[in-house]
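In what follows, a single structure is set out as structure tokens and then discussed.
The values are calculated or read from the model by the stated rules, or taken from the named source; none is laboratory data. Keep in mind that this is a model prediction, so the values were computed, not measured. Glycine gets a Cβ as well: all are built from the backbone with ideal geometry, and neighbour counts include every protein chain shown.
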Ligand code: IVH
């Protein structure tokens, strides 16, 4: 290619890559797949290699630049990077307002409140629109230069957007409502310093920790630690591998903005991602309402926040109030009640799961965490107990984050009593007393006794569950009573229960007994796929059960299928095939099936009504919470339209439907370039 053409092409590609980066990271939208974007970058890189004279530092290919640094350079901050005082209650916020009024009765009580992202603060300096330096807070006066690492964060523009680059409706509206913002962004300023938070989403955090686990490396305590650790280390390749995000919260440079809000908007117009969850409030009461609303939403957000920053919106007022110690008087950080508390770990017991897995559970001195009383917390497994170094009698920090079950986060060693006792994994199942095993390559210990009552109990819960036999009104508590009273030994016994058996039990009347019996009898005949799923064969989830049902049509055929025949089914690999084959040949399973047959339980042929073939051949993965329909309804709908559902994202996945707070599947889809659609898009797709 000749030079003139090459520079043109490089320019065009740079612009295009940058446009998609901006869409994805700043506006949360996507027009082309990740793979397509990668190939654009690749083309750009090739051209730049061929014509090095046209390569430049602001090129999207330069985000990971070469070799690790030897050490960080110190950078004095032009404007100090301050910290914030905290408020832990609404009363403390009101006290703060009173204090301000006393100091300066003239200030206008107009507040600007925004979420406080739990990440790592950086200051970004742009000269003539190009990112020239990024620094950490350090001691507030002098930070460390971390430009090479920060460049790898795709949400951070290497070059500011100029106004004519994007005449989006939103920006037009900003200009109309805020003439000073329009003025401030008309030309690219010689100097612009923007501050914000580098952070990691909950989903990316989970992925990193899953990876660590696989590699037998220590787990990270929280997303903030990874964000900070990724920026404060010397190798940009590591920073680049971490999927870091950025949100801007302050424009330090004076561009004649009158309020903090205008600062946010200026940052937005220049191409930064800014917080959506903000509120200009004309009174403290309204500010507090906003804080409460955020408190409700908090757990559903895709990233962690630890509070809300409230500040006096008008810059003149803010500055007049000045600084006290290390924090500005005109701002305060409202901190949500911690989802963490300390308490004494009284004992460690073992729970036996459906697969026989032994999970150590900490019994705690009951403690209130974020509004609920917690008396148990999971310790995951023996390896985690070792990692924490926890002993019985220790004072521990317990965390209850989002919808995850409470877990022991750390141990306060200085508070350890003399008689603290080490926990030892027993050699025998705590329930059936048979030996436990640890399979090679597995962290978990298991009870492998097929007759273990604990495994039966879990298996029975599973059998009657909604995606299994779906027996209405038969919850875990009822099953516990039936098992404990010896009225049933397994799920098959349910079908021969009589009203009188239940009506005499405590907590049950005649009416509820009759209801339970009739809902059990209603479910004597279920579709084969449910039947297979309910058996709880290891590795056979709902989708596999459906595949097997379609393939074999009858239980007998499945039970007698050879290994080869099982393996020939798409999506059934060797491990799954062996598991199915082995299960049907185990004596306890054979007995159970015989018993089910004797009591008149029957699998009926699959009726899969496909109303159209609109989604034929398309594979879907669902992740995160859906708002307008249940997950089960979504799955049914997909099947009805001829589509398939998978539990794992792979190259063969056609769509990942991402609801709120999506999990690691979302990240995986991104990595693989699988099309990710929102719930709204999904609804459109299924009509
Ligand atoms: S304003 C004078 N706004 O919280 C300091 N800070 O405790 C101005 N942070 O160092 C900070 N989200 O790392 C501000 N929306 C937000 C924030 C935020 C997170 C962090 C930031 C700051 C620390 C102060």
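Looking only at residues that are more than 16 Å from the ligand (Cβ to nearest atom), in contact with a strand residue (DSSP E or B) (Cβ under 7 Å, 6 or more places away or on another chain) and outside any strand (DSSP E or B) in region 102-137, which one is modelled with the lowest pLDDT? Looking at residues that are more than 16 Å from the ligand (Cβ to nearest atom), in contact with a strand residue (DSSP E or B) (Cβ under 7 Å, 6 or more places away or on another chain) and outside any strand (DSSP E or B), I get 108.
Of the candidates 389, 370, the single residue that is modelled with pLDDT of 85 or more and under 20 Å from residue 221 (Cβ atoms) is 389.
Rundown of residues vs (1) within 11 Å of the ligand (Cβ to nearest atom); (2) crowded, with 20+ Cβ neighbours inside 10 Å, yes/no style:
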position	(1), (2)
231	no, yes
240	no, no
271	no, yes
308	yes, yes
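Taken as a whole, region 187-209 holds no residue that is within 31 Å of the chain's Cα centre (by Cα), within 16 Å of the ligand (Cβ to nearest atom), at pLDDT 95 or above and assigned to a helix (DSSP H, G or I).
All conditions but one from (1) surrounded by fewer than 21 Cβ atoms within 10 Å (Cβ to Cβ); (2) within 14 Å of the ligand (Cβ to nearest atom); (3) in a helix (DSSP H, G or I); (4) over 28 Å from the mean Cα position of the chain (by Cα) apply to residue 180; the one that does not is (2). Screening residue 362 on (1) within 26 Å of the chain's Cα centre (by Cα); (2) within 16 Å of the ligand (Cβ to nearest atom); (3) crowded, with 19+ Cβ neighbours inside 10 Å shows it passes everything except condition (2).
Of the residues 533, 581, which is within 30 Å of residue 499 (Cβ to Cβ) and within 39 Å of the chain's Cα centre (by Cα)?
On the way: 581 fails: within 30 Å of residue 499 (Cβ to Cβ).
Going through 533, 581 in turn, the sole match is 533.
Of the residues that make up region 92-100, is at least one in contact (Cβ under 8 Å) with a residue 60 or more places away in the chain, surrounded by 13 or more Cβ atoms within 10 Å (Cβ to Cβ) and part of a loop (DSSP other than H, G, I, E, B)? The answer is no; no qualifying residue exists.
Suppose the filter is farther than 30 Å from residue 539 by Cβ, in contact (Cβ under 8 Å) with a residue 24 or more places away in the chain, touching a strand residue (DSSP E or B) at 6+ places or on another chain (Cβ under 9 Å) and assigned to a loop (DSSP other than H, G, I, E, B); does residue 374 pass it? No, not satisfied.
Taking residue 333, is it at pLDDT 90 or above and touching a strand residue (DSSP E or B) at 6+ places or on another chain (Cβ under 7 Å)?
When the stated conditions are applied, residue 333 passes them.
Answer yes or no: is there a residue in region 336-346 that is within 14 Å of the ligand (Cβ to nearest atom), touching a residue at least 40 places away in the same chain (Cβ under 8 Å) and crowded, with 16+ Cβ neighbours inside 10 Å. Yes, there is a match, as at least one residue in region 336-346 is within 14 Å of the ligand (Cβ to nearest atom), touching a residue at least 40 places away in the same chain (Cβ under 8 Å) and crowded, with 16+ Cβ neighbours inside 10 Å.
All of 70, 50, 159 fail the test of being away from the ligand (no atom under 14 Å from the Cβ) and either within 28 Å of residue 314 (Cα to Cα) or surrounded by 20 or more Cβ atoms within 10 Å (Cβ to Cβ) (or both), apart from 159. Report whether or not residue 356 is under 30 Å from residue 424 (Cβ atoms) and touching a helix residue (DSSP H, G or I) at 6+ places or on another chain (Cβ under 6 Å). Considered against the rule, which asks whether it is under 30 Å from residue 424 (Cβ atoms) and touching a helix residue (DSSP H, G or I) at 6+ places or on another chain (Cβ under 6 Å), residue 356 comes out as yes. Residues of region 80-100 being within 14 Å of the ligand (Cβ to nearest atom) and farther than 15 Å from residue 325 by Cα, which ones? Selection gives 87, 88.
Give the residues of region 288-304 that are within 14 Å of the ligand (Cβ to nearest atom) and either surrounded by fewer than 19 Cβ atoms within 10 Å (Cβ to Cβ) or outside any loop (DSSP other than H, G, I, E, B) (or both), sorted by residue number. So that I can check it myself, show each step before the final result.
Of region 288-304, the ones within 14 Å of the ligand (Cβ to nearest atom) are 290-291, 294, 298, 301, 303-304.
Those that are within 14 Å of the ligand (Cβ to nearest atom) and either surrounded by fewer than 19 Cβ atoms within 10 Å (Cβ to Cβ) or outside any loop (DSSP other than H, G, I, E, B) (or both): 290, 291, 294, 298, 301.
Taken together, the residues in region 318-329 that are more than 9 Å from the ligand (Cβ to nearest atom) and touching a strand residue (DSSP E or B) at 6+ places or on another chain (Cβ under 8 Å) amount to 4. Within region 392-411, the set of residues being within 20 Å of the chain's Cα centre (by Cα) and at pLDDT below 90 comprises 399, 400, 401, 402, 403, 404, 405, 406, 407, 409.
Tell me yes or no: at least one residue of region 138-146 is without any contact (Cβ under 8 Å) to a residue 40 or more places away in the chain and either at positive phi or more than 13 Å from the ligand (Cβ to nearest atom) (or both). It would help to see each step written out before you state the result.
Applying the first criterion (without any contact (Cβ under 8 Å) to a residue 40 or more places away in the chain) to region 138-146 yields 139.
Checking which are either at positive phi or more than 13 Å from the ligand (Cβ to nearest atom) (or both) leaves us with none.
So far as region 138-146 goes, no, none of its residues is without any contact (Cβ under 8 Å) to a residue 40 or more places away in the chain and either at positive phi or more than 13 Å from the ligand (Cβ to nearest atom) (or both).
Just one of the numbered conditions (1) touching a helix residue (DSSP H, G or I) at 6+ places or on another chain (Cβ under 8 Å); (2) surrounded by fewer than 24 Cβ atoms within 10 Å (Cβ to Cβ); (3) not in a loop (DSSP other than H, G, I, E, B) is not true of residue 149: (2). Per the conditions (1) outside any loop (DSSP other than H, G, I, E, B); (2) surrounded by 15 or more Cβ atoms within 10 Å (Cβ to Cβ); (3) in contact (Cβ under 8 Å) with a residue 40 or more places away in the chain, the sole criterion not satisfied by residue 36 is (2). Considering each residue of region 481-498 in turn, none proves to be within 30 Å of residue 630 (Cβ to Cβ), surrounded by fewer than 16 Cβ atoms within 10 Å (Cβ to Cβ) and touching a residue at least 40 places away in the same chain (Cβ under 8 Å).
Going through 40, 93, 100, 27 one at a time, which residue ends up being more than 23 Å from residue 312 (Cα to Cα) and more than 27 Å from the chain's Cα centre (by Cα)? Don't jump to the end; show me each part of the working.
Working: 93 fails: more than 23 Å from residue 312 (Cα to Cα); 100 fails: more than 23 Å from residue 312 (Cα to Cα); 27 fails: more than 27 Å from the chain's Cα centre (by Cα).
Unique residue meeting the criteria: 40.
With respect to residue 91, is the statement that it is modelled with pLDDT of 85 or more and closer than 30 Å to residue 139 by Cβ true? Criteria not met by residue 91.
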